[in-house]
Amino acid sequence: MTAREDPHLDAAAYVLHALPPAEEAAFENHLAGCATCRRDVTAHERTAARLAAAEDAPVPGELRARVLERVSRTPQEHRPPARPRGRSLRRSGLRLALAASVAAAAVLGAVAVREHQEAEEARSQAAQAREEARTAGGAFAYVLTAPDATVYTGELSDGTRAAVVVSRERATAAFTARDLPTLPSDKVYELWYAGKAGDLRPAGLLEGTGGRETRVLDSPLGDAVAVGITVEPSGGSAQPTTEPLGVIPIGA
């Protein structure tokens, strides 16, 4: 049995509802006969309950001021000037008809190939989504089950509740939030580690598709004292280009 096939690795993802329906049903069948997984699920559920019940941690005024000061010195997103209009291309009716005929022939000849490619891409994306859910669940469980795992919660500027689970012993942290607003396709949420001096390090992207968002933060935890979240252009930014939606202190 490979690690990918091992149902014991799905306990955390199951608690977080991160398994696809078919795998969730398969894990529930396995759960009925596996005492180890039942214990793991119970432990993960208790930790998840701590996420919901933990009290908010106030953001120190000086920390927020340092973060905002750093953001204010970062150049904002630049939009290229719009292309001038008014230039038109004239074509004769015969040339347009010829072009349309050639295009139609090309489309008809490519339909079968395109449909095959789209089917292959759909299967590939589904497989990738399943693997990402499994991997994310295992990584999140690694943080949750740390002996020193500590939960810090806060409220973002739009009222969304968010939490950060931190393990200094394992030098890692995880972010989770429910009901984050859906973003346009060219925007993402970006997470940041904040140091004592207000210096910021990118810590990972969230797709901004709405609903529950969970992510184990990138890079080592280091000496971070807070985790922030901003809205950035698709692909992320090296430094924040917008004011943080929230900053959650995570101790020193």
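The values are calculated or read from the model by the stated rules, or taken from the named source; none is laboratory data. Note that this is a predicted model, so its numbers are computed, not measured. Using ideal geometry, Cβ is built from the backbone for each residue, glycine included, and neighbour counts are taken over all protein chains shown. Just so you know, the surface numbers come from the protein's heavy atoms only, side chains and all, with ligands and any DNA or RNA stripped out. Shrake-Rupley method; radii C 1.70, N 1.55, O 1.52, S 1.80 Å.
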Per the filter on the range 222-231, residues surrounded by 14 or more Cβ atoms within 10 Å (Cβ to Cβ) and farther than 17 Å from ALA162 by Cβ are none
Of the listed residues (GLY235, GLY251), the one being touching a Ser or Thr at 6+ places or on another chain (Cβ under 8 Å) and open to solvent by 20 Å² or more (accessible area, probe 1.4 Å) is GLY251
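Identify all residues within the range 143-169 that are open to solvent by less than 70 Å² (accessible area, probe 1.4 Å) and among the charged types (D, E, K, R); write none if there are none. Give the derivation first.
Kept after step one, since they are open to solvent by less than 70 Å² (accessible area, probe 1.4 Å), are these residues of the range 143-169: 143-144, 146, 148-154, 156, 159-160, 162-167.
ASP148, the sole residue that qualifies.
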Condition set under 18 Å from PHE140 (Cα atoms) and modelled with pLDDT of 90 or more, scope the range 171-189, selection surrounded by the fewest Cβ atoms within 10 Å (Cβ to Cβ): answer is ALA171
Of the residues in the range 208-220, those that are of a type outside the set (Ser, Thr, Tyr) and surrounded by fewer than 15 Cβ atoms within 10 Å (Cβ to Cβ) come to GLY210, GLY211, ARG212, ASP218, PRO220
